[in-house]
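The values are calculated or read from the model by the stated rules, or taken from the named source; none is laboratory data. None of these values were measured; they are calculated from a predicted model. Please note: Cβ atoms are built from the backbone with ideal geometry, for glycine as well, and neighbour counts cover all protein chains shown. In case anyone asks, the SASA skips ligands and DNA or RNA and just uses the protein heavy atoms, side chains included. Shrake-Rupley method; radii C 1.70, N 1.55, O 1.52, S 1.80 Å.
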Amino acid sequence: MERLPVEVIGNILSRLGAARDVVIASATCRKWREAWRVHLHTLSFNSNDWPVYHELTTSRLEILITQTIFQTTGLQCLSIIMDDVDEFSAAPVIAWLMYTRDSLRQLHYNVRTSPTINIIEKCGRQKLQVLNLSHNTISGIEPSYQRFPCLKSLSLSHISISALDLSYLLTACPKIEILTLLSLDIAMSDAQASMELNSPSLKDLSVEAISLEKFILEADSLEKLQLKDCTLEVFELVGKGTLKLLKIDDVSVIQLDIGENTENLEVVDVSNFTIMWTKFHHMISKASRLRGLRLWGVVFDDEDEIVDMETISVCFPQLTQLSLCYDLKEASLQYSLQRSFELKNVIMLELGWTVITDLFSQWVAGLLERCPNLRKLIINGVVSEAKSHEECQVLANFTTSIVGLMRKYLHVDVQFEYE
């Protein structure tokens, strides 16, 4: 241990991360204290790391964090995640940000301040690569002045911000690749009917728990788009067909447009969503490279609509993973299974029900026949605690049917997941 270079000790302390552990370890000897002061690059204050944090007053916690930070000289990653603290005083927070602004590359902060301060304005911008902010207000963004030349990942959670400032902030990050927006309070001006974001470098966008009339995103390099628990009248993606992953979960949207160029789509995951199959299929029909398709808990806008399996087999020849769960109608099921199709490359099939009927067994058997190279079958179902005699009989019939199928398809690994 005595022969370890002080820089290596600094890296060891940085891997500990949690401030309490770093302080205790640095007390080992003079050399370790020097490593803490000069070569520590990562420091984390998290209310889950140490029970004593919950017992400290806010002012005492502010002093503790200040003393710890001010004994370092080159912090690159600072994380202050205090879920139990309602708010910090503005003065110490400004002091932490100003002290570390020349070296900081990652900042994770989730505590309100009183009075409110603009953290975007105070934190160091020249070297910052990751910014994760929660429970704060962002305003008065000037993209020509407040630039983040190195920022690649931005996460905003429970933030109050105007649509214009959010647009300006994105413009001020010319290298941004990952953007996460969660439960934002977005203010729209009277002149604005939509929120418009533009980023030529953005590759990954995740939006959750946001309500807007119109959301237009122009992103020529976008590869991943995830929408969850959102209410939107219109969502429009303007790009160059780079999208590889589309994930939609519990989203209400009247008009969804991801562009005409969907050739690079590899994964489409849609759950708890109302779809018009003809429009939805048209939207993704050019995705000849699609490898994963998940339609789970979807509801059809027209009761007579079905998921056309023959069309899926033709349009997505490289499909290897298929997951389906929706209400089965006898007429549409019979029509679908009478069609001539084969899912040659599907090796993983997941099928589910919310209310089980005898049609489900027919569905499973019909799809197994059309997946000649299947290796794994997952049955996912909801089983109510209070079951009538009829429901018990349906479940028993299904069990008998599955046992027969398992004997027929010995090469297929069958798993059951019940809720």
Those residues of segment 224-238 whose amide nitrogen sits under 12 Å from the label point placed on D301, 7 Å along Cα→Cβ: none
What is the helix-to-structure angle for 90-100, meaning the angle in degrees between its Cα long axis and the longest Cα principal axis of the chain, kept from 0 to 90 and rounded to the nearest 10? 90
Work out how much length I94 to C315 would gain on full extension: take 0.36 nm times their residue separation and subtract the Cα-Cα distance, in nm to one decimal. 74.0 nm
Tell me which chymotrypsin sites (Phe, Trp or Tyr not before Pro) from segment 252-353 have a DSSP coil assignment and no more than 12 other beta carbons within 10 Å of their own. none
Can you tell me the mean projection area, over all orientations, of the convex hull of the chain's alpha carbons? Units nm², please. 26.4
Pull out a ≥ b ≥ c, the square roots of the eigenvalues of the alpha-carbon gyration tensor of segment 71-178, then state rounded if a/c is under 1.5, prolate if not and a/b is larger than b/c, and oblate in the remaining case. oblate
How much length is gained if the chain between D413 and K31 is pulled fully straight, taking 0.36 nm per residue apart and subtracting their Cα-Cα distance, in nm to one decimal? 131.9 nm
What shape does segment 104-143 have by the C-alpha gyration tensor, where a ≥ b ≥ c are the square roots of the eigenvalues, rounded means a/c under 1.5, and otherwise prolate means a/b greater than b/c and oblate the rest? oblate
Rh (Kirkwood, all Cα-Cα pairs) for segment 195-332, Å, reads 15.3
May I ask you to compute the full-extension gain from D269 to E142, defined as 0.36 nm times their residue separation minus their alpha-carbon distance, rounded to one decimal in nm? 42.0 nm
Does anyone have the angle between helix 389-408 and the longest principal axis of the chain? Alpha-carbon axes, 0 to 90°, nearest 10? 90
Read phi for every residue in segment 102-109 and hand back ³J(HN,Hα) as whole Hz from Karplus 6.51 cos²θ - 1.76 cosθ + 1.60, θ = phi - 60°, with x for Gly and Pro. 7, 10, 5, 10, 9, 9, 10, 8
Per residue solvent-accessible surface (Å²) - the chain, probe of 1.4 Å: 49
For segment 160-233: Kirkwood Rh in Å [reciprocal of mean 1/r, alpha carbons]: 12.5
Translational diffusion coefficient, Stokes-Einstein: compute it for segment 254-322 using the Kirkwood radius over C-alpha pairs as Rh, at 20 °C and 1.002 mPa s, and state it as an integer in µm² s⁻¹. 173
Of every hundred units of 1.4 Å-probe accessible area on segment 353-413, the number belonging to carbon and sulfur atoms, as a percent, is 55
Which ³J(HN,Hα) values, rounded to whole Hz and listed in residue order, are derived for segment 342-352 from phi using the Karplus coefficients 6.51, -1.76 and 1.60 in 6.51 cos²θ - 1.76 cosθ + 1.60 with θ = phi - 60°, glycine and proline given as x? 8, 9, 5, 9, 6, 10, 10, 10, 10, 10, x
For a quick check of your reading of the filter: which chymotrypsin sites (Phe, Trp or Tyr not before Pro) in segment 1-71 sit in a DSSP loop and have no more than 15 other Cβ atoms within 10 Å? F70
Angle between the Cα long axis of helix 30-39 and the longest principal axis of the chain, 0 to 90 degrees, nearest 10? 70
Select from segment 107-197 those GluC sites (Glu not before Pro) which occupy a DSSP coil region and have at most 15 other Cβ atoms within 10 Å, ordered by residue number. none
Charge dipole (the chain, unit charges on Cβ, about Cα centre) - positive-most of I378, L322, L16: L16
For the chain, the charge dipole (Cβ of Lys, Arg +1; Cβ of Asp, Glu -1; about the Cα centre) points to a positive end, and the Cα of L243, W96, F360 closest to that extreme belongs to W96
Compute the projected area of the convex hull of the Cα atoms of segment 260-419, averaged over all viewing directions, and report it in nm² to one decimal place. 9.2
What number do you get for segment 1-124 when its Cα radius of gyration is normalised by 2.2 N^0.38 Å, N = residues? 1.05
Relative contact order (%) - the chain, alpha-carbon pairs under 8 angstrom, separation at least six: 6
Grab every C-alpha pair in segment 50-116, bin the distances at 10 angstrom width from 0 up to the longest one, and report whole percents. 19, 57, 24, 0
